[in-house]
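Worksheet: one structure, shown below.
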Amino acid sequence: MSEELSIFDIKILDQLQKDCSLSTVELADVVGLSQSPCWRRLQRLKEDGYIKRQVAILDRTKFGFDLNIFAFVKMRRLSEKERATFINKIEMTPEIQECYSIFGENDLLMKIQAKSMNWYQHFVLEVLMNLPGIEHVNSTATLGEIKSTTAIPVRGDLAL
């Protein structure tokens with residue numbers, strides 16, 4: 001962080017998390033700045049790494065991905081080459097949206113978008129179990145979505 005965030009920086013980041021399609025003029029109006037200072041702040045926030053990228057968030061159900069599955073994965077020890085192959089295959093599998101190394105009984109937690117339970121069964125047998133090092137997969141399917149967001153709390157205050 002090259003410089004502490006101002007209230008305008010926080011407003012810009014907060015607004016972009018709601019709608020990054022705003023033009024600089026629209027963004028400046030929402031946060032209470034003129035266009036040039038808003039644009040300069042936006043560029044600095046990008047250069048300083050506060051904004052990693054700007055994307056569109058698609059409705060997964062429009063593509064038939066009606067299930068969120070969380071897969072807890074137990075791994076065997078991998079060589080460096082196997083680990084690189086494993087990571088590459090995870091990154092190249094679009095249905096695996098997130099993958100984390102975790103503490104505890106399992107080694108990985110994956111968030112997977114599935115079209116159906118039959119689809120997921122095939123995915124486990126044909127994709128996951130063919131990845132190097134996977135010994136066991138224990139899955140939990142969600143019944144419904146209560147909250148889903150990509151926004152992080154940039155304001156610093158606690159929600160009570």
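Laid out as a table, the results:
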| quantity | calculated |
| --- | --- |
| Span from the the range 29-72 Cα centroid across to the the range 109-160 one, whole angstrom | 21 |
| Candidate values (i) 1.08; (ii) 1.11; (iii) 1.02, label of the one derived for Rg/Rh (Cα atoms, Kirkwood Rh) | (i) |
| With Cα atoms, 0 to 90° folded angle of helix 117-126 axis to the chain main axis | 70 |
| Proximal lysines relative to LYS89, as straight alpha-carbon distance under 27 Å, when same-chain residues fewer than 8 apart are discounted | LYS52, LYS62, LYS74, LYS81, LYS111, LYS115 |
| Helix 7-18 vs. the chain, principal-axis angle (Cα, 0 to 90°, nearest 10) | 50 |
| Ordering of 146-153, 60-67 by packing [mean C-beta count within 10 Å, highest first] | 60-67, 146-153 |
| Whether the range 7-47 is rounded, prolate or oblate, judged on the alpha carbon gyration tensor where a/c under 1.5 counts as rounded | rounded |
| Extended-chain gain in nm, criterion 0.36 nm per residue less alpha-carbon gap, PHE103 and LEU78 | 7.3 nm |
| Sites SER6 and HIS136 - FRET efficiency at Förster radius 41 Å, r taken between beta-carbons, to 0.05 | 0.25 |
| Förster radius 35 Å - calculated FRET efficiency between VAL25 and ILE152 (Cβ-Cβ, nearest 0.05) | 0.85 |
| With Cα atoms, 0 to 90° folded angle of helix 35-47 axis to the chain main axis | 30 |
| Inter-label distance, nm, simple model (7 Å from Cα along the C-beta direction), PHE63/LEU125 | 2.5 |
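Read-outs throughout are calculated quantities, based only on the coordinates presented, and are distinct from any laboratory measurement. Remember, it's a predicted structure, so these values are computed and weren't measured experimentally. Every residue, glycine among them, receives a Cβ derived from its backbone with ideal geometry; neighbour counts consider all protein chains shown.
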